[in-house]
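Right, one structure below, let's go through it.
The values are calculated or read from the model by the stated rules, or taken from the named source; none is laboratory data. Predicted model, so just to flag it, every value in this text is computed and none were measured. Cβ coordinates were reconstructed from backbone atoms using ideal geometry, including for glycine residues, and neighbour counts include every protein chain displayed.
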Amino acid sequence: MKKTILMLFLFSASLLFSQDIFFEAVDNPNDDGCAIQLRWDASNISSTKMNIERKDDGGEASLVQKVDKAEGEYMDGEDIKPSIEYVYCFSAWDENDQLIEKVESVVFAKAQWFNSEKISLLILALIITAAILFFIYSAKSGKELYIRKIAGLESIDESVGRATEMGRPILFIPGILDLDDMQTIAGLTILGKVAHKAAEYDAEIIVPVCRSMVLSTAKEVVKEAYLKAGRPDAYNPDSVFYLTDDQFGYVAGVDGIIMREKPAANFLMGAFYAESLILAETGFASGAIQTAGTAMPSQLPFFVVACDYTLIGEELFAASAYLSKEPNQLGSLKGQDLGKALFVILLAIGIVLEISGVHFLKDFLTVY
């Protein structure tokens, strides 16, 4: 019995070591289970044609790749499904089309829960999440969280007060995009604050819009602002109205309102494109105090030049927390700021290490 086992072992070992082709198929790590890595080394044989074929359970073999190099690797991502057994076959022929050797490898594709190469991003996300929860808890506990002053938002009282003194209306433009854009939502948040102040000071507010959904939302925002100010009777449903969906048709309509009504304060809060300069220049020519805010980098220079105050990028999105002082929003804002600061610090450390000695460190880790 022992002799038989020994002979079988020696026979298997002889078959193993008699193979002149190395070939393996392994699951591609850190993916969704839709790719297989293939590696081969056929440098010990002289072959004129080499192919890699694949078949799954009950399926017929299909050509995956024609091999033109004796050594190499290939990523098979064609119709690979997780948890299915695939059999890969590497075949080599000589110049007379005689099969030299055929090697098979069985593999299962697996989907990973997360990419292990991005552990650093996971750690950073956990730190930011912890910071947000900590600051939300602090805000709810009554601790005052510091947020730097944003001049464009601090100027709301000044602009509305000037309009009241001059007996002229306030014009608010919530951008030209629909409610699916975050800039529009941020603009409508600021509209609530402006409308509340207008109700308190008994100033007229004009809100022309170019989207039907924005029209309905803006009406409710202004109506709620007048209700909170204790003056629901002063709310005028016609103060929020629809012009047109056409970009430059809307701009022409708003410019006409500026020239006819001569508003004392203009607010341009939301997403803007080529119409930004036209609106800002017309408002500047009318002599109004102008406060603008957008996250469109290409339009910010026009607002900076033609407006008195400009909310740049994320200042527009921070307006909701800045104006409402709501603990959840304040904590989220502070936590995200901490995350950005941490990211900048880590980036700076990485740059310093790259310049000063990271290559030496990599060589050291490779050797040891």
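For (1) surrounded by fewer than 21 Cβ atoms within 10 Å (Cβ to Cβ); (2) closer than 15 Å to residue 185 by Cα; (3) not assigned by TED's automatic domain parsing to the domain that holds residue 164, each residue gets a yes or a no:
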{"site": "265", "(1), (2), (3)": "no, no, no"}
{"site": "279", "(1), (2), (3)": "no, no, no"}
{"site": "304", "(1), (2), (3)": "yes, no, no"}
{"site": "316", "(1), (2), (3)": "no, yes, no"}
Residue check, residue 349 part of a helix (DSSP H, G or I), modelled with pLDDT under 85 and of a type in the set (A, V, I, L, M, F, W, C): yes
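Every residue, every condition in (1) assigned to a loop (DSSP other than H, G, I, E, B); (2) under 21 Å from residue 214 (Cα atoms); (3) free of Cβ contacts under 8 Å to residues at least 60 places away in the same chain; (4) not small (Gly, Ala, Ser), yes or no:
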position: 259; (1), (2), (3), (4): no, no, yes, yes
position: 266; (1), (2), (3), (4): no, yes, no, yes
position: 273; (1), (2), (3), (4): yes, yes, no, yes
position: 277; (1), (2), (3), (4): no, no, yes, yes
position: 290; (1), (2), (3), (4): no, no, yes, yes
position: 298; (1), (2), (3), (4): yes, no, yes, no
position: 328; (1), (2), (3), (4): no, no, no, yes
position: 339; (1), (2), (3), (4): no, no, no, no
position: 345; (1), (2), (3), (4): no, no, yes, yes
Residues of the range 89-109 that turn out to be buried (at least 16 other Cβ atoms within 10 Å of the Cβ), of a type outside the set (A, V, I, L, M, F, W, C) and over 28 Å from residue 35 (Cβ atoms), as a count: 0
The lone exception for residue 141 - which of (1) under 32 Å from the mean Cα position of the chain (by Cα); (2) surrounded by fewer than 19 Cβ atoms within 10 Å (Cβ to Cβ); (3) in the same structural domain as residue 245 (by TED's automatic domain parsing) it fails: (3)
Check on residue 123, over 23 Å from residue 41 (Cβ atoms), in contact with a Gly (Cβ under 7 Å, 6 or more places away or on another chain) and in a helix (DSSP H, G or I): no
Residue within the range 172-188 that is part of a strand (DSSP E or B), crowded, with 21+ Cβ neighbours inside 10 Å and out of contact with any Lys or Arg (no Cβ under 7 Å at 6 or more places or on another chain) present: yes
Failed item in (1) part of a strand (DSSP E or B); (2) touching a Gly at 6+ places or on another chain (Cβ under 9 Å); (3) loosely packed, with under 15 Cβ neighbours inside 10 Å; (4) not small (Gly, Ala, Ser), with residue 112 passing the rest: (1)
Those residues of the range 78-109 which are in contact with a Ser or Thr (Cβ under 8 Å, 6 or more places away or on another chain), in a loop (DSSP other than H, G, I, E, B) and either at pLDDT 85 or above or over 14 Å from residue 31 (Cα atoms) (or both), in sequence order: 94, 95
Filter result for the condition that a residue is among the small types (Gly, Ala, Ser) and more than 26 Å from residue 60 (Cβ to Cβ), over 109, 92, 130: 130
